[in-house]
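The block underneath contains the structure these notes are about, expressed in structure tokens.
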């Protein structure tokens, strides 16, 4: 816990941190403005957070915002930092972090596909990854209804009960 | 120069799961590789948002086919962290036994599985037969062979059946006696040596660039980087085990590490059976009333454990309702399976492509989800 507090003090002294919470021991969630993400991430990388464990999105539809979560991990002290930032839901645009963590390339494609968040500077982010020929809104958004989609896309078909023609009895 | 496009997968004996790589080859050297995931995309993350917390238990083991137990464990751990639930002592030890049995089964499968890309099919027949003995134990403990749904939030589903400890000890003693034979069969084989020694290298910079974890990381950075050691969960801080690490990672090293880790798993299971409390509760009460209508306090937490391929984690977001608000899955082989294939498979030969997939530990179902 001491090392966590010293990291928090360090970050608060250097950057504008909106909020810090501790979901678990050895884990902290840091909220920053979207313009500060890149500087905070590159600073974290210099102090040992060399691994990007996960990058993902959350759709907060009531607040009309997307949240992007970057989880970085330091293997030497075992602390996970969840760096979170909020984007406007109407025009979700963010700059790529592949310059800092090259491994983020496919996470960004993933988020672009499932949430529709654009990552400027990642040329691959517009390509289809998991959902080839997808023609609806990004499916992980909360207002996407999979049931309605599948009913619309795959309408119920009627099967006739007697699909095998009658066979004459061989005498 | 003439370039030819070849498809590795989605149906191919050298591929694990329905996963495809488009390779542009010149002669037998791969010039360009494009990973094509999506054939196993079943939409788990969306499905989980539409089911109750308890109902998801039947769904999550299916995310990774060969090693389902880490899914159950990270899900349970995340909910316990959000809900501040204390797990009974005995349940911690039972979880450890189940997780290590699963790791052992998975290592056996991959030690045998390496036989397919190098052409040593005997190994895969042996290991499939031996892994079956572990599945028999799972069947006795949990009632199911592959998807156990055994580790639940608050503990484990039910107590161990009577006399299973002796049976586990007997089976792992048999597997321990078999491991040297596997070593003789696979690791000493000249066919295997020719294909793996100094082939498919994984330097330390690439580990950090991609975010590779697990055996790949430990064999490259020369440090004991394992979640079980760095931030112990369950009761891993009370058992003794040593993990292999090395500064030079080729295909041979990574396969050799699987043997050593299998031996360590056997040792952990023995210690756990010896040290665990012999009786007591195995499941904390998590709700009053209908378990299906059970609610988890609002919050966001990342829970992770060490699976046999590396760091496996869930980002769990709850808004305090009966269903999860969002769950994101970090498959352990996501980094090397996508960016790794695109950047570092080129330069290898066609016949090494499936060996690359195998020794890097690419598991398609957890990439697609």
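The values are calculated or read from the model by the stated rules, or taken from the named source; none is laboratory data. Everything quoted here is computed from the prediction, not taken from an experiment. Backbone-built Cβ (ideal geometry, glycine too); neighbour counts: all protein chains shown.
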**OP:** Name the one entry in B:205, B:209, B:224 that is closer than 23 Å to residue B:110 by Cβ, without any contact (Cβ under 8 Å) to a residue 60 or more places away in the chain and within 14 Å of chain A (Cβ to nearest Cβ).
**Re:** B:224
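Would region B:102-114 turn up any residue that is touching a strand residue (DSSP E or B) at 6+ places or on another chain (Cβ under 6 Å) and either buried (at least 22 other Cβ atoms within 10 Å of the Cβ) or more than 16 Å from residue B:254 (Cβ to Cβ) (or both)?
Applying the first criterion (touching a strand residue (DSSP E or B) at 6+ places or on another chain (Cβ under 6 Å)) to region B:102-114 yields none.
Taking every residue of region B:102-114 in turn, none turns out to be touching a strand residue (DSSP E or B) at 6+ places or on another chain (Cβ under 6 Å) and either buried (at least 22 other Cβ atoms within 10 Å of the Cβ) or more than 16 Å from residue B:254 (Cβ to Cβ) (or both).
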Original post:
Does residue B:246 satisfy the criteria of being assigned to a helix (DSSP H, G or I) and at pLDDT 85 or above?
Top reply: no
Original post:
Just to be sure, is residue B:355 touching a helix residue (DSSP H, G or I) at 6+ places or on another chain (Cβ under 6 Å), facing chain A (nearest Cβ under 10 Å) and not in a strand (DSSP E or B)?
Top reply: no
Original post:
Can residue B:362 be described as within 16 Å of residue B:17 (Cβ to Cβ), within 14 Å of chain A (Cβ to nearest Cβ) and within 25 Å of the chain's Cα centre (by Cα)?
Top reply: yes
Subject >> Whichever residue in region B:309-331 is buried (at least 23 other Cβ atoms within 10 Å of the Cβ), touching a helix residue (DSSP H, G or I) at 6+ places or on another chain (Cβ under 7 Å) and outside any strand (DSSP E or B) and, among such residues, is nearest to the other protein chains (Cβ to nearest Cβ) >> reply: B:331
Original post:
Does residue A:83 fit the bill of being assigned to a helix (DSSP H, G or I), within 26 Å of residue B:77 (Cβ to Cβ) and more than 9 Å from every other protein chain (Cβ to nearest Cβ)?
Top reply: no
**OP:** Report, by residue number, each residue of region B:210-237 that is surrounded by fewer than 19 Cβ atoms within 10 Å (Cβ to Cβ) and outside any loop (DSSP other than H, G, I, E, B).
**Re:** B:229, B:237
Original post:
What about residue B:237, is it within 14 Å of another protein chain (Cβ to nearest Cβ) and without any contact (Cβ under 8 Å) to a residue 12 or more places away in the chain?
Top reply: yes
Original post:
Pick from B:188, B:229: which is closer than 26 Å to residue B:72 by Cα and either within 14 Å of chain A (Cβ to nearest Cβ) or free of Cβ contacts under 8 Å to residues at least 24 places away in the same chain (or both)?
Top reply: B:229
Original post:
Which of the following residues is under 29 Å from residue B:355 (Cα atoms) and either modelled with pLDDT of 85 or more or out of contact with any strand residue (DSSP E or B) (no Cβ under 6 Å at 6 or more places or on another chain) (or both): B:15, B:73?
Top reply: B:15
Original post:
Is there a residue being within 25 Å of residue A:119 (Cα to Cα), without any contact (Cβ under 8 Å) to a residue 60 or more places away in the chain, within 11 Å of another protein chain (Cβ to nearest Cβ) and out of contact with any strand residue (DSSP E or B) (no Cβ under 9 Å at 6 or more places or on another chain) anywhere in region A:52-75?
Top reply: yes
Original post:
Only one of these conditions is not met by residue B:96: (1) modelled with pLDDT under 90; (2) on the phi < 0 side of the Ramachandran plot. Which number is it?
Top reply: (1)
**OP:** Filter region B:166-178 down to the residues that are in contact (Cβ under 8 Å) with a residue 60 or more places away in the chain and surrounded by 17 or more Cβ atoms within 10 Å (Cβ to Cβ), then identify the one that is nearest to residue B:111 (Cα to Cα).
**Re:** B:175
**OP:** Scan region A:86-127 for residues that are assigned to a loop (DSSP other than H, G, I, E, B), at the interface with another protein chain (Cβ under 8 Å from one of its Cβ atoms) and free of Cβ contacts under 8 Å to residues at least 40 places away in the same chain and report the count.
**Re:** 1
Original post:
Restricting the search to region B:340-351, which residues are in a helix (DSSP H, G or I), surrounded by fewer than 22 Cβ atoms within 10 Å (Cβ to Cβ) and in contact with a helix residue (DSSP H, G or I) (Cβ under 9 Å, 6 or more places away or on another chain)?
Top reply: B:342, B:343, B:344, B:351
**OP:** Would you be able to say whether some residue in region B:12-30 is more than 14 Å from chain A (Cβ to nearest Cβ), in a helix (DSSP H, G or I) and buried (at least 18 other Cβ atoms within 10 Å of the Cβ)?
**Re:** no
Subject >> Subset of region A:34-51 [in a helix (DSSP H, G or I) and within 11 Å of chain B (Cβ to nearest Cβ)] >> reply: A:45
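Inside region B:52-79, can you point out the residues that are under 18 Å from residue B:321 (Cβ atoms) and assigned to a helix (DSSP H, G or I)?
The answer is B:55, B:56, B:57, B:75, B:78, B:79.
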Original post:
Take the residues of region B:35-56 that are within 16 Å of residue B:315 (Cα to Cα) and more than 14 Å from chain A (Cβ to nearest Cβ): which is surrounded by the fewest Cβ atoms within 10 Å (Cβ to Cβ)?
Top reply: B:56
Subject >> Flag for residue B:108 being in contact (Cβ under 8 Å) with a residue 24 or more places away in the chain and either part of a helix (DSSP H, G or I) or at positive phi (or both) >> reply: yes
**OP:** Name every residue in region B:284-306 that is buried (at least 18 other Cβ atoms within 10 Å of the Cβ) and either outside any loop (DSSP other than H, G, I, E, B) or within 14 Å of chain A (Cβ to nearest Cβ) (or both), in order of residue number.
**Re:** B:296, B:299, B:300, B:301, B:302, B:303, B:304, B:305, B:306
Subject >> Criterion (more than 14 Å from the chain's Cα centre (by Cα) and surrounded by fewer than 20 Cβ atoms within 10 Å (Cβ to Cβ)) met by exactly one of B:145, B:62, B:95, B:90 >> reply: B:145
**OP:** Give the number of residues within region A:17-33 that are away from chain B (no Cβ under 14 Å) and surrounded by fewer than 16 Cβ atoms within 10 Å (Cβ to Cβ).
**Re:** 2
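Looking for whichever is under 18 Å from residue A:56 (Cα atoms) and more than 25 Å from the chain's Cα centre (by Cα) here; the options are B:280, B:299. Which one fits?
After applying the criteria, what remains is B:299.
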